[in-house]
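The values are calculated or read from the model by the stated rules, or taken from the named source; none is laboratory data. Treat the numbers as computed from the prediction; the structure is a model and nothing was measured. When we count neighbours, we look across all protein chains shown, and the Cβ atoms used for this are built from the backbone with ideal geometry, even at glycine.
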Amino acid sequence: MEQRNPTLRSVAWLWFGIAVAVLVVAFRQAIFLTPRDAAQGDVGRIFYYHVPIAMWSLLFPYLNFAASLAYLYWRRRDPLKALTADAFALASAEVAVVYASITLITGSVWGRAAWGIWWAWDARLTSMLLLWLLYVSYLMLRRFSSTGQSHTLAAVLSVFAAVDVPIVYMSIRWWRTQHPAPVFGGGPNSGMDKSMLPAFFWNLAGWAIWGIFILLFRFALERKRQLADQEAALQAIEASLEIPQ
Amino acid sequence: MNYLRHVLDHLRKDLRLEWRSRDSINGMLFFALLVVVVFGLAFDPTSYPTTTRQISGGILWVALLFASMTALNQSWARELRNQVLEAQRMAPSPASALFLGKAIANMLFVLVVEAVLAPIFIVFFNLHVLGNVWLLALILPLGTWALVVNGTFFAALGLRARNRELLLPLLLLPISLPALLAMVQATTGVLTADLDSIQIATWVKQLAGYDIIFTTICILFFETVLNAE
């Protein structure tokens, strides 16, 4: 078994501490310091959680795609590196699902307050839901396949999902839209008031640090599992080679 | 040319197998008919012609989607018997030829089902189409290919998994949703004549683009999936 690395542990604790500290500052900014939204009142404060998490939830599928491509490339050339890439793909898919779920739930809560309905079949809600469905199906495949075969199949499915995402985005955008226009680069009236910026950026940073933390934590966990599997396989082979007394 | 001959050989083999048993087509046909009957019972299609027109596009595709899913697993399960699949893996012909042959065969089976189902559908739902019916002759094959090409691929992908019958819909449906959106919208647009020809053309183009993109990556990745450990 791999020995525990004390430096790595203290770095992980430090990173965790930073994540919590930044999130606390961000919470104070978003809830207490930023003035109340003129049009929406206090309900608008969910914006500081919904939008940063939604932005990061779009990043993790790319990581999953990149790791899956790396897995497919190394599969025959360097199986040990390929396993590392596979663990990273799994971790990023799980974090993507968690972030996308939080986006859907916070958006739904806001929709209930602002629109009066929990859900609308609007372009961006639907494409987010489809993104969530795609990565849940990826995790389902990993659970369902019997041991040993799932890596390659999951990597192929990840490529399919990554190709599907832009198609989903374009086709649904063309279909209908009701969601507020993008805050950045969404037309002449986009952008936000200066008073909102600190809360927004603290949350953006905080959720990025937190996301990286749980991603790496999950990655380390999956690596440990893989190494334990290898060890068990090795011991089984060694046991079978021993000469019976 | 050589590649084409391999594809045709695989296609001929699949068609002959189906001709001898006729399991897939009969199963699909009866299944689709049952779905149509269930929806007919759930609401009264003959009394509300406008509502019927608005939703029958969706019902038609749901029936076809679930019916084709029953056949897709069968089409690979056939190859597992007597280690035929292992022989296919060792054969010198390209793996994607096997895939294309099977996908085209499945496509033909589903098209037969559609040809039989369409008149039944019109009779049972008392459907009076307001748009240009001949457009459906373009939309149906494009939509069917979108379902069948990914369906054949994912059926092969889930072949060695536990519960492969359950896995196929879980993988196929999320990936197919943009195609389903396009085909349902285009079909409903034709049935109700609510969409003008430019809008329908956009949906058809999207469907065609989806078909081309996914056919390409299915062909590219089939060998990886077939030889996965």
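Let's see how each residue does on (1) modelled with pLDDT of 90 or more; (2) more than 11 Å from chain B (Cβ to nearest Cβ):
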residue	(1), (2)
A:R124	no, yes
A:L134	yes, no
A:Y138	yes, no
A:R142	no, no
A:Y169	no, no
A:T177	no, yes
Pick from region B:151-166, criterion of a type outside the set (K, R) and outside any helix (DSSP H, G or I), ranking: farthest from the other protein chains (Cβ to nearest Cβ): B:L159
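Working only within region B:181-227, note down all residues that are of a type in the set (A, V, I, L, M) and within 10 Å of chain A (Cβ to nearest Cβ). Quick ask: steps written out before the conclusion?
Residues of region B:181-227 that are of a type in the set (A, V, I, L, M), as a first pass: B:181-184, B:186, B:190-191, B:193, B:195, B:198, B:200-201, B:204, B:207-208, B:212-213, B:217, B:219-220, B:225-226.
B:L181, B:A182, B:L207, B:I213, B:I217, B:L220, B:V225, listed by residue number.
Of the residues B:L147, B:L127, B:L136, only one is touching a residue at least 12 places away in the same chain (Cβ under 8 Å), in a helix (DSSP H, G or I) and surrounded by fewer than 23 Cβ atoms within 10 Å (Cβ to Cβ); which? Write out each step before concluding.
Values: B:L147 fails: surrounded by fewer than 23 Cβ atoms within 10 Å (Cβ to Cβ); B:L127 fails: in a helix (DSSP H, G or I).
Exactly one of B:L147, B:L127, B:L136 is touching a residue at least 12 places away in the same chain (Cβ under 8 Å), in a helix (DSSP H, G or I) and surrounded by fewer than 23 Cβ atoms within 10 Å (Cβ to Cβ), namely B:L136.
For B:I175, are the conditions met, namely being modelled with pLDDT of 90 or more and away from chain A (no Cβ under 11 Å)?
Numbers: modelled with pLDDT of 90 or more: yes; away from chain A (no Cβ under 11 Å): no.
In short, no.
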message: Testing B:A103 on (1) buried (at least 23 other Cβ atoms within 10 Å of the Cβ); (2) within 14 Å of another protein chain (Cβ to nearest Cβ), one condition comes back false. Which one is that?
response: (2)
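Residue-by-condition table, conditions (1) among the aromatic types (F, W, Y); (2) within 30 Å of A:V43 (Cβ to Cβ); (3) assigned to a helix (DSSP H, G or I); (4) in contact (Cβ under 8 Å) with a residue 40 or more places away in the chain:
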{"residue": "A:L83", "(1), (2), (3), (4)": "no, no, yes, yes"}
{"residue": "A:I102", "(1), (2), (3), (4)": "no, yes, yes, yes"}
{"residue": "A:W110", "(1), (2), (3), (4)": "yes, yes, yes, yes"}
{"residue": "A:G116", "(1), (2), (3), (4)": "no, yes, no, no"}
{"residue": "A:R124", "(1), (2), (3), (4)": "no, yes, yes, yes"}
query: Does region A:144-167 hold any residues that are more than 9 Å from every other protein chain (Cβ to nearest Cβ) and under 22 Å from A:Q226 (Cβ atoms), and which are they?
result: A:T147, A:A154, A:S158
